[in-house]
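Participant: The structure that follows is given in the form of C-alpha cells.
The values are calculated or read from the model by the stated rules, or taken from the named source; none is laboratory data. Computed from a predicted structure; not experimentally measured. Here the Cβ positions follow ideal geometry from the backbone for every residue, glycine too, while neighbour counts run over all protein chains shown.
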Amino acid sequence: MNYTQENLLQQLMLSDLSDDGNGDIISIITSELDDSEGAEKNTPDSLPILPVRNTVLFPGVVIPITVSRKKSVRLVRKAYRGDKTVGVVAQKNMTAEDPSAEDMYEVGTLAKILKMLVLPDGNTTIIIQGQSRFKINEVTQEEPFMVAKVSHCPETFPNQKSKEVKALVESLQEAAAKILKLNPEIPQEAQVALDNIDSPSFLTHFLSSNINVEVAQKQKLLEINDGVERGTTLLQLMMREIQMLEIKQEIHSKVHTDIDEQQRDYFLRQQIKVLQDELGMDGPEQEVEKMRATAAKKKWPDTVAKHFNKELDKLSRLNPQAAEYPISLNYCEFLLDLPWSEFTKDNFNLKRTKKILDADHYGLEKVKERILEYLAVLKLKNDMKAPILCLYGPPGVGKTSLGRSVAKALGRKYVRIALGGVRDEAEIRGHRKTYVGAMPGRIISQIKKVGSSNPVMILDEVDKLTSDFRGDPSSALLEVLDPEQNHTFADNYLEVEYDLSKVLFIATANSLDTIHPALRDRMEIIEVTGYTIEEKTEIAKRHLISKLKEDHGLQTKDVALSTAAIQKVIEDYTRESGVRNLERKLGAVIRNIAKSKAMEEEWPAKLEPKDVVRILGPETFDKELYQDNETAGVVTGLAWTSVGGDILFIESLLSRGKGKLTLSGQLGDVMKESAITAVSYLRARADELGIDYRLFDQYDLHIHFPEGAVPKDGPSAGIAIFTSIASVFTQRKVRSHLAMTGEITLRGKVLPVGGIKEKILAAKRAGIKDVILCQKNRKDVNEISAHYIEGLNIHYVDRVDEVLDFALLPEKVTKPLDLRVREEAIPARVES
C-alpha cells in the first residue's frame, strides 16, 4: 500500500475542512461516501476533463492534486466557482504536457472539489473526492480546457450479507492488516481508517487507491464494473505485495546486525548475495570456479595456463566492488575465449582451388598461379614460414576478393582488417590492460571473433597506414608479418605470447611508395595489373550482369546486352583499371530496364550500343584514335595510366628565333629531362642526319603534348620525342599508323620501360599497325596472349638510329617549311 507523504498530506488538509478545524478524517470519508454513492445517479452528460499523471482517483477517496498546467488551472478555477464538479482521468502517456484524448484512458472518476489552496510557489492545490465512475464517449472541446460527453458506468455489487461478499471483505481486511504490519512506513492511523469502513464497495476503492502498483494496474481496477471481480483482482495484487514484503523482511532478518558506518559496505554485499541466491544467480565465487573448470579443459600452452591460474587467483582475492575487479574479470574471460589450439581443417585439393579461383576471377593468370604455388608448398610442408603475399595494383581489380576466394577454397575462416587511416600502434598491438578502456589489438580481436587460430586474414590497404605521436603501426606490423617472429607475437593487452604462424596473411596495396621499407621487405609483392577491354567484357558477361540482374529483381531472360553494348560502356563511359565503375554503369543500364518492367513499358530484349547511349547519355570519355597527317614533327607515343594504356601525341614546331626550347602539356620533371636529352643527342648527331647545325641557334623549338590539362610524366616517351624533333628538323614525315615507347640515353641507347601489356593493347584499340619497342621488352610481349596482339607488327630496337631508320620516310614533305637561313645571319664556317 502506498500510504506515504501523499496520504499524510491528505489527512492534514482534510483536518482543516471540519467546522472546528479539528475534524476527524474517518468521519469525513464515511460521510462523503454516501454522497458519492448518490452521485452515481446524477452524473452529467458533459464534464470538464482534468487529466492527471501518476495517480488514479477512485469513488469515495479523497486526494490532494497540485495543478500546474494552464488548461488545468483554468478548469479548476472555473469549476470551483461553479458546481465544483470535474472529471478526473489518468494519462496513458505520462510525458505528454498537453494530453489529447489518445493520451488518456477512457474511464475516469467524477470528482467534487472540496477545497482549493494557492501555495506560495504559485501552484494551485485542490483537494478532491471521487463520486462515481464514467466513460468518455466524445471530446467536444479542447480549449480553453477539455470538455467531453460522458456516460455513467454503473457498479454492480451483490448483497453485502452474502457469504461470498463477506469472505471477500474479510480477506481484503486481513491482507490490508498484514501489509500494515509488514510495512513500518505506513502510519498506524491507517488501521483505524480501515476499521471504520463498512461499505464493501468503498473498501475496494480505498484499498485500490493506496495499493503500491503501477498506474496501469490501478486503472484496470477502476474499469472493472463488477465489485466482486474488482475485489478478487485487488486481493491478488495485495497478496503479491505481501509476498514481496515477506521476502524483503526475510532478507533483512538474514543480514540483520548491529552495523556502524564501517560495516555499511558489508551489509550491502550481504543483501546482494541473498538476492542472488533467491534469483539463482552466480556470485563471484561461482564465476571463478566455472572459469577454473573451463580452463582445465582447454588445450593451451603450459605458460598460458600458469599465467591464467595466477590471474584467476588474483581475481578470487579481489573485492567484487573494487574498480580492478571488472578489469581482471574481463581479462580472464578474454583469455578463455581465445582459440589457442583450435584450427579448421584445410582442404588442400589444389585442382578444386584452381576451379574456384577461375570461377571467381577472370584473367589474373600469374596471380592465381603464384597463389597455387604458395598453397602447394603449404600442403607439402605444412609450414607457413614463407613470405607474406602482398597483392599490389590499382583499385577495383579484385585484390580483396582473391583473398576471400582463397579462404573459400581452403575451407578456412575469412577475416578482413581495414588498415586505411590507422595511425595508433595500439590498434595492432593493443593497450596495456592497466589503462582505462584498454582493449586488445585488431589482430587478436579478430582471431577471437572467428574462433580459429588459422584463418585467412586480409590486411587491406596496408599502404594507407599513417603515423603520429601515438606510434607507427607500420612498425608494429613487422612482428605480425615476419615468419621468423610471428609464432611468438606479443599483444600488450594479452601479456602472453600468441602463435600467429598458422594464419595465412594476405596484404593488399594500391601503391608501394608509401609502404615502410622494412615492412615491404617482409612481403612478396605480386602485381595485379588492370584488366584489358577483352577481359572486362568477359568479366561483365560472366559475373557482373547476372549479379546486377539478381540485385535489381530481373530474370535472366528479361534482358541481354550485346558484346558491342558492353564494350561501348567500357570504352566510352569508364576509364579505370578495375571494374567497379563498370559495375556502376552497367547497374544504371539494368535499373533502367527494371523501371520499364515495373511500369509495364516496352523495352528491347537485347541492348545495343544505341540503347546504351540513350540510357547513359552522351559519352563521358573520348577514345584516342590514330590521326593520320601530312605534317612533319607529329609522332604517336604509348603511355601507361592508372586506368590502363593509352596513346599519346607529340607535336614539334620550329619558328624563327634564337634557339629557345619550349615544353608544354603539364609535364613532370622526368618527362622534361627526356625532352632535353633528346634535343642534346639530336644536336650531337646533326651532321649524320643532314641537319645544318646553325639551325639550332636560328630557330626556336616548341614541343607540345596535347590534352594539356592531363598531367604527364615518365621516361617512356624518350624515343618518341627524339623522333618528333628529328622529323621537324629534317622535314621528313613519320610513317603512318606507327607508335613507339622507350627511354633514351645520351649515348643513343634505347632502354626498356614498363606497362607494355597495357600499351600494346591501347595501340591495337587505336588502330596502330606498327609498334617500336626496346629489344629487352620482348619478354614482356611474350607474356601477352597471342590473340591480343594479332594484327600488330612489333619492331625491336637497341639504338635510336634504328628507330629513325624505320620511323622517318625518306622523302621530304610536300610543302616543306622554309628552313633557309639568311646568309648574313650565318657566320662563315671555319675549316680546320
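Participant: Please verify whether T556 is surrounded by fewer than 14 Cβ atoms within 10 Å (Cβ to Cβ), part of a loop (DSSP other than H, G, I, E, B) and not aromatic (F, W, Y), treating the condition exactly as stated.
Facilitator: Values: surrounded by fewer than 14 Cβ atoms within 10 Å (Cβ to Cβ): yes; part of a loop (DSSP other than H, G, I, E, B): yes; not aromatic (F, W, Y): yes.
Here the answer is yes, as T556 does meet what is asked.
Participant: Inside region 559-587, can you point out the residues that are part of a helix (DSSP H, G or I) and surrounded by fewer than 16 Cβ atoms within 10 Å (Cβ to Cβ)?
Facilitator: So the first thing to find is which residues in region 559-587 are part of a helix (DSSP H, G or I), and the list is 563-573, 580-587.
The answer is T563, A564, R580, R584.
Participant: Among the residues in region 117-134, are any assigned to a helix (DSSP H, G or I), out of contact with any Gly (no Cβ under 6 Å at 6 or more places or on another chain) and either on the phi > 0 side of the Ramachandran plot or charged (D, E, K, R) (or both)?
Facilitator: Checked region 117-134: no residue is assigned to a helix (DSSP H, G or I), out of contact with any Gly (no Cβ under 6 Å at 6 or more places or on another chain) and either on the phi > 0 side of the Ramachandran plot or charged (D, E, K, R) (or both).
Participant: Given the structure, is D692 farther than 22 Å from G657 by Cα and surrounded by 14 or more Cβ atoms within 10 Å (Cβ to Cβ)? Give the derivation first.
Facilitator: Details: farther than 22 Å from G657 by Cα: no; surrounded by 14 or more Cβ atoms within 10 Å (Cβ to Cβ): yes.
No, not satisfied.
Participant: Let me ask you something else. Looking at this structure, is L389 surrounded by 21 or more Cβ atoms within 10 Å (Cβ to Cβ), in contact with a helix residue (DSSP H, G or I) (Cβ under 7 Å, 6 or more places away or on another chain) and either more than 30 Å from T294 (Cα to Cα) or assigned by TED's automatic domain parsing to the domain that holds K757 (or both)? Can you show your working first?
Facilitator: Values: surrounded by 21 or more Cβ atoms within 10 Å (Cβ to Cβ): yes; in contact with a helix residue (DSSP H, G or I) (Cβ under 7 Å, 6 or more places away or on another chain): yes; either more than 30 Å from T294 (Cα to Cα) or assigned by TED's automatic domain parsing to the domain that holds K757 (or both): yes.
Yes, satisfied.
Participant: Now a separate question. Let me confirm something: among I443, I417, which residue is of a type in the set (V, I, T), part of a helix (DSSP H, G or I) and either under 20 Å from the mean Cα position of the chain (by Cα) or outside the structural domain of L364 (by TED's automatic domain parsing) (or both)? It would help to see each step written out before you state the result.
Facilitator: Details: I417 fails: part of a helix (DSSP H, G or I).
Just a single option satisfies the conditions, and that option is I443.
Participant: Let me ask you something else. Going through Q141, Q131 one at a time, which residue ends up being under 23 Å from Q219 (Cβ atoms) and in the same structural domain as D98 (by TED's automatic domain parsing)? Explain how you work it out, then say what you get.
Facilitator: Numbers: Q141 fails: under 23 Å from Q219 (Cβ atoms).
None of the other options fit; the residue is Q131.
Participant: Restricting region 190-211 to residues that are surrounded by 18 or more Cβ atoms within 10 Å (Cβ to Cβ) and in a loop (DSSP other than H, G, I, E, B), which is nearest to the chain's Cα centre (by Cα)?
Facilitator: I211
Participant: In region 512-551, what residues are of a type in the set (G, A, S), farther than 15 Å from S474 by Cα and out of contact with any Ser or Thr (no Cβ under 6 Å at 6 or more places or on another chain)?
Facilitator: Passing the criteria: A540, S546.
Participant: Another question, if that's okay. Among the residues of region 354-377, are any part of a loop (DSSP other than H, G, I, E, B), farther than 19 Å from K413 by Cβ, among the acidic types (D, E) and over 31 Å from the mean Cα position of the chain (by Cα)? Step through it out loud before you land on a result.
Facilitator: Just the residues of region 354-377 that are part of a loop (DSSP other than H, G, I, E, B), to begin with: 361-364.
So of that shortlist, the ones also farther than 19 Å from K413 by Cβ come out as 361-364.
Going one step further and asking which of them are among the acidic types (D, E), we end up with none.
No; the residues of region 354-377 include none that is part of a loop (DSSP other than H, G, I, E, B), farther than 19 Å from K413 by Cβ, among the acidic types (D, E) and over 31 Å from the mean Cα position of the chain (by Cα).
Participant: Does E138 qualify as being within 57 Å of the chain's Cα centre (by Cα), more than 28 Å from L194 (Cβ to Cβ) and without any contact (Cβ under 8 Å) to a residue 24 or more places away in the chain?
Facilitator: Working: within 57 Å of the chain's Cα centre (by Cα): yes; more than 28 Å from L194 (Cβ to Cβ): yes; without any contact (Cβ under 8 Å) to a residue 24 or more places away in the chain: yes.
Here the answer is yes, as E138 does meet what is asked.
Participant: If we scan region 249-260, do we find a residue that is at pLDDT 70 or above, among the basic types (K, R) and closer than 30 Å to N210 by Cα?
Facilitator: No, that holds for no residue.
Participant: Which members of region 758-804 meet the condition of being modelled with pLDDT under 85, among the charged types (D, E, K, R) and surrounded by fewer than 17 Cβ atoms within 10 Å (Cβ to Cβ)?
Facilitator: The answer is E783, E790.
Participant: Go through (1) surrounded by fewer than 22 Cβ atoms within 10 Å (Cβ to Cβ); (2) in a helix (DSSP H, G or I); (3) at pLDDT 85 or above for P64 and report which single condition fails.
Facilitator: Looking at each condition in turn, P64 falls short on (2).
Participant: Please verify whether L357 is touching a Ser or Thr at 6+ places or on another chain (Cβ under 6 Å) and either in the same structural domain as L389 (by TED's automatic domain parsing) or of a type outside the set (V, I, T) (or both), treating the condition exactly as stated. Don't jump to the end; show me each part of the working.
Facilitator: On the way: touching a Ser or Thr at 6+ places or on another chain (Cβ under 6 Å): yes; either in the same structural domain as L389 (by TED's automatic domain parsing) or of a type outside the set (V, I, T) (or both): yes.
Spelling it out, L357 is indeed touching a Ser or Thr at 6+ places or on another chain (Cβ under 6 Å) and either in the same structural domain as L389 (by TED's automatic domain parsing) or of a type outside the set (V, I, T) (or both).
Participant: Additional query: Of the residues T662, T636, which single one is surrounded by 17 or more Cβ atoms within 10 Å (Cβ to Cβ), in a strand (DSSP E or B), modelled with pLDDT of 90 or more and not aliphatic (A, V, I, L, M)? Spell out the reasoning first.
Facilitator: On the way: T662 fails: surrounded by 17 or more Cβ atoms within 10 Å (Cβ to Cβ).
Of the residues listed, the single one that is surrounded by 17 or more Cβ atoms within 10 Å (Cβ to Cβ), in a strand (DSSP E or B), modelled with pLDDT of 90 or more and not aliphatic (A, V, I, L, M) is T636.
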